Ligand code: HEM
């Protein structure tokens, strides 16, 4: 199996916007929504898809989002640099295997089998990515590591509308698993849990998925819908724009040297109060977000597409896009606000039923950025008190810092270990 970033089918999704426009005469730039949160296309995903784990950055951040994902947070049992190195090396080994796939070794039946068996005798890559990020407690609780903490890594504190559940928050390490199928996500988690029981203790995990959509005319890409029925990801910065990603997503300036090429991860488990939402008039739902529900077009040009950029200069009082709508508060598009851009790569979750008989559904919000304070924290502060809060309740999550990537033969986290 070739070790290339993407299989031929998925490579089609990665063509730059310009190339796509060139390939499809008449497709205007504004009609193309090419970003990491584009919905998976029905029939495109294959078990043979490989997303290379190698590179300056870890996979699973700017690589296209497959249909399934999960964030698992762990306590780390590693008291010395040697312990931590052992953990990173073992994680790397498992990541390399799970992302490329291969035959499961046959062991003596007197021993536990080498693999859970969920995927049969051979593991297929299935576009699996495994992204490892560190929480502030890993640094704070180890004096030999404290000086190497990323500049603005911190413990997530309560925002205005939060009802944080302690058991669903924080962690020394987060591992994000993504794959085409839910089975591959669960298989990868179980592999890591089984392979490293002496150093990783699971604290919480939240799985999610995004709905695939049928191929669109002209190859146009659309954002997947969240569980409130709106397209989510329309205004995401273009993950194919390397210079933009360098500015928005990848950490570097001001960070400890080892951290260059990493990224801050904000994870939020946000319950959606779907019963209440489903009884809310459509017009009100649309004003809450500032976009139309079906197409995702901004309300100042409702007959266009989700790719259309709202123009707030012609709507200063919010007659079309209300001033307190989600998109306008999150990004008022005034000079300077683009300093808080982030790359959102969320999944929807459906957990069953709460004790009070309400549906337990929501958004596993995951955002990546070069500076946690300038992006996620600043934007969430602007959103505090927004009308959407009547319909959502953040209950968990945490802040983490994704390690820089690694190349073939190398191991994840080496730059950090070499500085301690
Ligand atoms: C359950 C919670 C949430 C839901 C259902 C939700 C949904 C949406 C939707 C439908 C849009 C418009 C389409 C798009 O550009 O993606 C949007 C935009 C956006 N959201 Fe959220 N969102 C949620 C939470 C958050 C949080 C916690 C943040 C960050 C603190 C955030 C930041 C943004 C940003 C930055 C935009 C783009 C604004 C723009 O540039 O026009 N969202 N969200």
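Below, the figures for the structure above:
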quantity: Test for residue 276: is it crowded, with 21+ Cβ neighbours inside 10 Å and within 27 Å of residue 349 (Cβ to Cβ); calculated: no
quantity: Those helices (runs of 4 or more DSSP H) lying entirely in region 224-295 with at least 2 residues within 15 Å of the ligand (Cβ to nearest atom) and more than 19 Å from the chain's Cα centre (by Cα); calculated: 274-278, 282-289
quantity: Options 344, 382; residue that is surrounded by 21 or more Cβ atoms within 10 Å (Cβ to Cβ) and within 11 Å of the ligand (Cβ to nearest atom); calculated: 344
quantity: Residue match in region 365-374 (condition: farther than 23 Å from residue 174 by Cβ and more than 11 Å from the ligand (Cβ to nearest atom)); calculated: no
quantity: Candidates 312, 349, 399 - the one that is closer than 23 Å to residue 169 by Cβ, within 11 Å of the ligand (Cβ to nearest atom) and either touching a residue at least 12 places away in the same chain (Cβ under 8 Å) or touching a strand residue (DSSP E or B) at 6+ places or on another chain (Cβ under 8 Å) (or both); calculated: 349
quantity: Residue match in region 329-337 (condition: farther than 30 Å from residue 131 by Cβ, within 13 Å of the ligand (Cβ to nearest atom) and crowded, with 21+ Cβ neighbours inside 10 Å); calculated: no
quantity: Leading residue by the ranking (surrounded by the fewest Cβ atoms within 10 Å (Cβ to Cβ)) among those in region 196-223 that are assigned to a loop (DSSP other than H, G, I, E, B) and within 13 Å of the ligand (Cβ to nearest atom); calculated: 222
quantity: Condition check for residue 134: crowded, with 16+ Cβ neighbours inside 10 Å, modelled with pLDDT of 95 or more and in contact with a strand residue (DSSP E or B) (Cβ under 6 Å, 6 or more places away or on another chain); calculated: yes
quantity: Residue 337 being under 23 Å from the mean Cα position of the chain (by Cα), free of Cβ contacts under 8 Å to residues at least 60 places away in the same chain and more than 27 Å from residue 205 (Cβ to Cβ); calculated: yes
quantity: Test: residue in region 326-338 that is in contact with a strand residue (DSSP E or B) (Cβ under 7 Å, 6 or more places away or on another chain) and either closer than 19 Å to residue 388 by Cβ or at pLDDT below 95 (or both); calculated: yes
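The values are calculated or read from the model by the stated rules, or taken from the named source; none is laboratory data. On a predicted model such as this, the values are computed, not experimentally measured, just so you know. Virtual Cβ from ideal backbone geometry, glycine too; neighbours counted across all protein chains shown.
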